[in-house]
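Comments concern the structure below.
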C-alpha cells in the first residue's frame, strides 16, 4: 500500500519521527450565514456605501443616526434574531431627493382632561392634555413630546395649530411612514380626549431613493444569505436582482456566493397583485400588507431575521407559523381574507396571518418567481425553502470536494493503482457523491437516494482529461403545507 504523503519526502534518512497533518477527511464546518440590512442613514460616524458589521441597535444609532431607517431596521432585526451575525450597508440620501411630508392639524381643543396616543411609524407619543388648552398649545405639547423620542424617523414643526412632519430620510421611503391615533383602541386604554379633534394628512411627496450600484459593489465576494432592503422602487429591486442573478451575479457559477433578498410592500390587495405580477425573481421575497402601523422596512428586517434563525437551524423546515416580534398587525378590516391571500400567492406576494392576540405570523413565504424564460407558468423556484436547500446542498458538496480532492491525481476508470494512492477516478468520485447524498438524506435535506444512485453521471471530460463533469440529479426534501381531509362521516342506525 502506498501512503499518500504530500509533504514528507521519500528520501529522508535522518531519524526518527515525522508527522504530516491531513484534514481531508475531517472538515465538517459550515459557512457563516450572515444577514445584511440595506437602508439610508441620517448622521453618525458610519460611511455611506461601506458595509460594516453591526454591534447592535445602540451601535447602529451611533453609526447611522438614531432616527435613520437603517437604525430602525437594525432594531427590528435584533428583535427577531438576537444571535446571528448582521452587517449594515448604509446609504446617503440621493442628491436632489425630496423628503416626504405630512401633518396633523388640531381643529378643536379638549374639553376634558385626557391623553393623546399618537403613533408615528408605530412609535407611541403619549401626551397628556387638559381642559382649557388651545389647539395651538396641544400642537406644541405634541411636538415637545416628539423631541423626547430620538428614534422617530420624522422631524416636526408647529405653525399655529398644525404640526408639520418631515421625513428624516429623503426619498420614496418616507412616504411609508404611518401616522395614526389610538392604535390599541378603547380596549387598550387609548381614546381621544373629549372635545379634541384633528385632521391627519398622510406622509407623501418623497421622491428619489439612493442608487445601490456603488454600495453593492463594495460588498465584493463576502457572503450574505439574508438581505433586507428598505427600498421597493423598481430601480432598487432590479439592482439587487442583477446583484444576485444566476448568470453574472452571486448565484452564478463564477461566484457561488448565493443570498436572498427580502422586502415588504404596503398596498391594497389590488395594488399588491399589480406589484407582484410585475416581478419575477427567485432570489427575492416580498411580504404584502395593508394599513399596518409598522413601516415596510421593519417588516422586511424582521422577516429576514426569523428566516435566518430558521434556516441556520434547518433550511428545509417550512417558514409557516413563524411569528414576527414587534410587528403590528393591520386592523381587522384591513386584513386579507383566505381567497385574497391565495391569489397573492399566485402573484408573487408572500402572506401572513394574525392570531387573536394580534401576533403576526408568516403564512407562506414565497419568491416572486412565476414564469420561465418563455413566459410560461413555472413553480420550480416558488418556495423560499427550495432556494435555501439548494444553497445548503451546493455549499456542502463544495466543502466535500475542495477538502477531499484539493490535491489528488485523476485517473480513468479501470486504471490499476496501489491501495491508498493519492488517485481518484470518476467511479470513486461517483461513490463519494452517492455516500454524501445518502448522508444528506439521513439528515433530512434530500430524498430518493436509490434513484439518485441510478441517475448520477460522473465522467472524465472528453476534451480536458484533468476535468470531471458531474450530473447531480438530486431531489430536495419537501415541506408539509397542505393537509386535506375528507370527513366522510356516518350516522348511526336505529336498532330494532
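The values are calculated or read from the model by the stated rules, or taken from the named source; none is laboratory data. On a predicted model such as this, the values are computed, not experimentally measured, just so you know. No Cβ is skipped: glycine too gets one built from the backbone with ideal geometry, and neighbour counts run over all protein chains shown.
Kindly list the number of the only condition in (1) more than 20 Å from residue 263 (Cα to Cα); (2) touching a residue at least 60 places away in the same chain (Cβ under 8 Å); (3) part of a helix (DSSP H, G or I) that fails for residue 316.
Answer for residue 316: the failing condition is (3).
Consider segment 338-376. How many of its residues are in a helix (DSSP H, G or I) and in contact with a helix residue (DSSP H, G or I) (Cβ under 7 Å, 6 or more places away or on another chain)?
Pass one, segment 338-376, residues in a helix (DSSP H, G or I): 338-345.
Those left that are additionally in contact with a helix residue (DSSP H, G or I) (Cβ under 7 Å, 6 or more places away or on another chain): 340, 343-344.
Total meeting the criteria: 3.
Could you check segment 212-224 and list, in sequence order, the residues that are out of contact with any helix residue (DSSP H, G or I) (no Cβ under 7 Å at 6 or more places or on another chain) and buried (at least 16 other Cβ atoms within 10 Å of the Cβ)?
Of segment 212-224, the ones out of contact with any helix residue (DSSP H, G or I) (no Cβ under 7 Å at 6 or more places or on another chain) are 214-215, 217-224.
Within segment 212-224, 215, 219, 223, 224 meet the criteria.
Counting only residues that are in contact (Cβ under 8 Å) with a residue 40 or more places away in the chain and under 20 Å from the mean Cα position of the chain (by Cα), which one in segment 332-359 is surrounded by the fewest Cβ atoms within 10 Å (Cβ to Cβ)?
My answer is 347.
Select from segment 225-235 the residues that are touching a helix residue (DSSP H, G or I) at 6+ places or on another chain (Cβ under 9 Å) and under 22 Å from residue 42 (Cα atoms) and list them in ascending order.
Step one: of segment 225-235, the residues touching a helix residue (DSSP H, G or I) at 6+ places or on another chain (Cβ under 9 Å) are 225-233.
Scanning segment 225-235 gives 227, 228, 229, 230, 231, 232, 233.
Is there a residue being closer than 30 Å to residue 313 by Cα, crowded, with 19+ Cβ neighbours inside 10 Å and without any contact (Cβ under 8 Å) to a residue 60 or more places away in the chain anywhere in segment 25-48?
No: zero hits.
Scan (1) outside any helix (DSSP H, G or I); (2) crowded, with 22+ Cβ neighbours inside 10 Å for the single condition residue 298 breaks and write down its number.
(1)
May I ask you to verify whether residue 262 is touching a strand residue (DSSP E or B) at 6+ places or on another chain (Cβ under 9 Å) and in the same structural domain as residue 338 (by TED's automatic domain parsing)?
Details: touching a strand residue (DSSP E or B) at 6+ places or on another chain (Cβ under 9 Å): yes; in the same structural domain as residue 338 (by TED's automatic domain parsing): yes.
Considered against the rule, which asks whether it is touching a strand residue (DSSP E or B) at 6+ places or on another chain (Cβ under 9 Å) and in the same structural domain as residue 338 (by TED's automatic domain parsing), residue 262 comes out as yes.
Can you tell which of 249, 206 is within 30 Å of residue 311 (Cβ to Cβ) and buried (at least 18 other Cβ atoms within 10 Å of the Cβ)? Outline the logic, then answer.
Values: 206 fails: within 30 Å of residue 311 (Cβ to Cβ).
Only one candidate qualifies: 249.
Of all strands (runs of 3 or more DSSP E) completely enclosed by segment 136-233, which ones contain at least 1 residues that are under 30 Å from residue 394 (Cα atoms)?
Details: elements: 154-159, 162-167, 179-181, 197-204, 226-229.
Result: 226-229.
Regarding residue 128, is this residue more than 30 Å from residue 231 (Cα to Cα), outside the structural domain of residue 214 (by TED's automatic domain parsing) and part of a strand (DSSP E or B)?
Values: more than 30 Å from residue 231 (Cα to Cα): yes; outside the structural domain of residue 214 (by TED's automatic domain parsing): yes; part of a strand (DSSP E or B): yes.
Here the answer is yes, as residue 128 does meet what is asked.
Select, from 226, 231, the only residue that is modelled with pLDDT of 95 or more and touching a strand residue (DSSP E or B) at 6+ places or on another chain (Cβ under 7 Å). Before you say what the answer is, go through the steps one by one.
Working: 231 fails: touching a strand residue (DSSP E or B) at 6+ places or on another chain (Cβ under 7 Å).
Selected residue: 226, the only one of 226, 231 that is modelled with pLDDT of 95 or more and touching a strand residue (DSSP E or B) at 6+ places or on another chain (Cβ under 7 Å).
Filter segment 370-384 down to residues that are in contact with a strand residue (DSSP E or B) (Cβ under 8 Å, 6 or more places away or on another chain) and touching a residue at least 60 places away in the same chain (Cβ under 8 Å) and give me whichever is surrounded by the most Cβ atoms within 10 Å (Cβ to Cβ). So that I can check it myself, show each step before the final result.
Step one: filter segment 370-384 for residues in contact with a strand residue (DSSP E or B) (Cβ under 8 Å, 6 or more places away or on another chain), giving 370-371, 377-378, 382-384.
Remaining after also requiring touching a residue at least 60 places away in the same chain (Cβ under 8 Å): 370-371, 383-384.
Details: 370: 22, 371: 13, 383: 22, 384: 27.
Filtering segment 370-384 for residues that are in contact with a strand residue (DSSP E or B) (Cβ under 8 Å, 6 or more places away or on another chain) and touching a residue at least 60 places away in the same chain (Cβ under 8 Å), the one surrounded by the most Cβ atoms within 10 Å (Cβ to Cβ) comes out as 384.
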